[in-house]
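Note sheet for the following structure.
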Protein chains: 2
Amino acid sequence: MGGDHAPAVVVAGARAAWDEDGLPLVLFGPPDALGDAGPVPVFAASEVIAMDADPGASVRRMKDSSLVRAAEAVRDGWACAMVSAGNTGAAMAASLLRIGRIRGISRPAIAVGIVSPGGKPTVLLDSGANAECQPEWMLQFGQMGAVYSRLRYDIARPRVGLMSIGEESVKGNKLVKDAHELMSVDGWLDAVDAHFVGNVEGRDLMSPDLDVAVTDGFVGNVALKAMEGCLDGIVATLEQQAGDDAHILAAARRLYESLEPGQTGAAMLLGVRGVVMISHGSSSAWAITNALRTAQDMVRAGVVDALERTVGRAGAPAVAAPPGAPGS
Amino acid sequence: MGGDHAPAVVVAGARAAWDEDGLPLVLFGPPDALGDAGPVPVFAASEVIAMDADPGASVRRMKDSSLVRAAEAVRDGWACAMVSAGNTGAAMAASLLRIGRIRGISRPAIAVGIVSPGGKPTVLLDSGANAECQPEWMLQFGQMGAVYSRLRYDIARPRVGLMSIGEESVKGNKLVKDAHELMSVDGWLDAVDAHFVGNVEGRDLMSPDLDVAVTDGFVGNVALKAMEGCLDGIVATLEQQAGDDAHILAAARRLYESLEPGQTGAAMLLGVRGVVMISHGSSSAWAITNALRTAQDMVRAGVVDALERTVGRAGAPAVAAPPGAPGS
């Protein structure tokens, strides 16, 4: 029921995943509102959390909402993954309250794959789950991002960078300086077989030389949305300059489609005990299909198990924890 | 002497401003290194602060550097403005230590004009001068940005927004929530005849509906560089998709040239007692010429006087200061 064009595009995307891939899925929502779901089974949920509703309060109050019911299906094990294009905060709250965190992981983070021309996507996290962060959480974001980069984009030894405003370790604000110190301690990234490349800058987000960019949820969200706005603005400028030149207008369309947010499939909420994919609110049916496929891929790749093993409590004793680090 | 392609492109840009506009200027640097400056007078300065030198230490030690000498020329009143494409931190340090702050302005900020397709540029500040900020400084950034937006882009009543991760005033981190509260108090933006539109997001930076975006120097710098990287990445993707289609390749070139950072002329360091323009390190000769023209425009527009009058101590008593605000 979530998303700017819900439920029509969500249902259409789900039907395509069912028809084309035989992907086993179930839709949650008021059956009347969902319309014709074709062969896709519908699990009745009577309430809908609005896009602008208060996340925590609505998840606590609306126990029969599509989002809460979907999260419960993951918690109870009869669904392996959940996909939502709705209220991001509510999807996070439902995941935290119903599915729960992986033991030993301090805070879940939203991981977004940013398309890098000429290379594999760069995973940016946290993209908005935590507006305020601790340095220890950021270290874990780096670990989680590395695991995700390997399983989702098949990168053997991900290069992890810390977002700052200069490459030198003395640059940045206090949070970043503290996180840098923590991330420079040997062992922590070895545990997830990743390589710490030090501070990186905003320019590196679309670079093929970086696999994981770690930042707090405030900075990550601003940077991500700035890049989305930039794509829209640049394509609009190209179209404006094209006038009625159909050849260039077609190129502009192709350019947009290859880079628009739906292209990357969906963001994943890393650190909860289930696969939770968060699609862009403006997702097309095609983007929803793509998100469902990615969810299936991530279940098959065992990303939650891998996070539990390497970043969660089970993984922690294998490496020497610096003082004050989570799990120490 | 500063910039990735210095001094050749800087000298070329200066000569063009002299030849084409009759712009009265002087170059600072080792005369031998500067090469043929043509009719442009050269003021000998024996030292050069490197792009990666420690800003504070180098400005204190290298008293005969081109940057320090240029700042002294502004301080002593025989130059009205200074333009540098060099080490940004050093340009700031030289400005602070030699030229000094406007009385009553807590912290200078770097203001960058971001090209908005279909509208006038949006002024983003702080774009990197202050990695850590106080809410009171951010209120002043809003005021300085409004004055600058009016004088540089001729916007009668600038719309000022606060960068956050959601439009609601409760969204964001503590700094942004506190700044929002302060900026919502009547009077402060009236004093500079601006309009506070509340929280804005990364997407709004390239929107024609926003004139000034206020943020701390860490977030501003990351967002700005993310957008620069995005432009490079998008144009590279367009070129890649064009293959050997000369028509589209030409469109890609035109697109890049209309949006690249040099297009906006240069950033201005607002809050010091002189016009200080900071050009992108990768500036072309054309971008340097453009920065010199903008410097002249800003001197003629009386931007420093206007800031002193409305934001500095001279302007403060005209409005009721909320408790804890600067100047109260």
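Values quoted throughout were computed directly from the atomic coordinates according to the rules given, and no laboratory measurement underlies them. Predicted model only: the values in this text are computed from it and were never measured. Please note: Cβ atoms are built from the backbone with ideal geometry, for glycine as well, and neighbour counts cover all protein chains shown.
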Checklist outcome for this item: If labels are modelled 7 Å from Cα along the Cβ direction, B:R253 lies from its partners in the other copies at nm distances, smallest first, of 2.7
Next on the checklist: Taking the Cα centre as origin and putting +1 on Lys and Arg beta-carbons and -1 on Asp and Glu beta-carbons, what dipole magnitude results for chain A, to the nearest 20 debye?
Outcome noted: 960
Next on the checklist: Let me confirm one metric for peptide A:141-153, namely the mean number of other chain beta-carbon atoms within 10 Å of its residues' beta-carbons.
Outcome noted: 0
Checklist entry - Out of residues 5 or more away from B:G2 or on other chains, whose amide H comes under 5 Å of its own, with H placed 1.01 Å from N in the peptide plane? => result B:A85, B:G86
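Within chain B, what is the longest stretch that has no GluC sites (Glu not before Pro) placed in a DSSP loop and near at most 15 other beta-carbon atoms within 10 Å? Write down the numbers at each step before the final one.
On the way: sites that count: B:E132, B:E167, B:E168.
That would be B:169-328.
Using only DSSP helix segments of four residues or longer, with each worth -39500 (n - 2.57), what per-residue ellipticity at 222 nm results for the protein assembly as shown after dividing by its residue count and rounding to 500?
Details: 22 runs with 272 residues, N = 656.
For the protein assembly as shown, the value works out to -13000 deg cm²/dmol.
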Checklist entry - For the stretch A:124-131, what does the Karplus curve 6.51 cos²θ - 1.76 cosθ + 1.60, with θ = phi - 60°, yield as ³J(HN,Hα) per residue in whole Hz, taken in order and with x for Gly and Pro? => result 9, 8, 7, 9, x, 6, 10, 5
Checklist entry - At what distance in nm do the modelled label points of A:E168 and B:V185 sit from each other, each positioned 7 Å from its Cα along Cα→Cβ? => result 3.7
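Quick check: from the Cα gyration tensor, does the stretch A:26-82 come out rounded (a/c under 1.5), prolate or oblate?
It is oblate, given that a/c is not under 1.5 and a/b is not larger than b/c.
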Next on the checklist: Taking the Cα centre as origin and putting +1 on Lys and Arg beta-carbons and -1 on Asp and Glu beta-carbons, what dipole magnitude results for the stretch B:112-263, to the nearest 20 debye?
Outcome noted: 160
Checklist entry - Taking a ≥ b ≥ c as the square roots of the eigenvalues of the Cα gyration tensor of the stretch B:112-263, is the shape rounded (a/c under 1.5), prolate (a/b larger than b/c) or oblate? => result prolate
Item to check | Phi to ³J(HN,Hα) by Karplus 6.51 cos²θ - 1.76 cosθ + 1.60 over the stretch A:43-57, Hz, x for Gly, Pro | outcome: 9, 5, 9, 7, 10, 10, 7, 5, 4, 10, 6, 5, x, x, 4
Checklist entry - Using the Karplus equation 6.51 cos²θ - 1.76 cosθ + 1.60 (θ = phi - 60°), what ³J(HN,Hα) coupling, rounded to whole Hz, does each residue of the stretch A:95-105 give in order, writing x for Gly and Pro? => result 5, 5, 7, 9, 8, x, 6, 6, 4, x, 9
Item to check | Cα gyration tensor, the protein assembly as shown - rounded (a/c under 1.5), prolate or oblate | outcome: prolate
Checklist entry - Put a point 7 Å out from Cα along the line to Cβ at B:S282; what are the distances to that point in the other copies, in nm, shortest first? => result 2.5
Item to check | Cβ-isolated cysteines (cut-off 4.7 Å), chain B | outcome: B:C80, B:C133
Item to check | Under 5 Å, built H, 5+ apart or other chain: amide partners of A:G100 | outcome: A:R273
Checklist entry - Can you count the Lys pairs in chain B whose Cα atoms are under 25 Å apart, with each pair 8 or more apart or on different chains? => result 4
Checklist outcome for this item: With label points set 7 Å from each Cα along the Cα-to-Cβ direction at A:D232 and A:D4, the distance between them in nm comes to 0.6
Checklist entry - Which distance in Å, rounded to a whole number, links the C-alpha centroids of the stretch B:117-191 and the stretch B:219-287? => result 23
Checklist entry - Near the amide H of A:I114, under 5 Å away, which other amide H atoms are found, from residues 5 or more places off or on another chain, if H is placed in the peptide plane? => result A:T122, A:V123, A:L124
Checklist outcome for this item: The answer for chain B, counting only DSSP H helices whose Cα atoms cover 30 angstrom or more along the axis and whose Kyte-Doolittle average is -1.0 or greater, is B:217-242
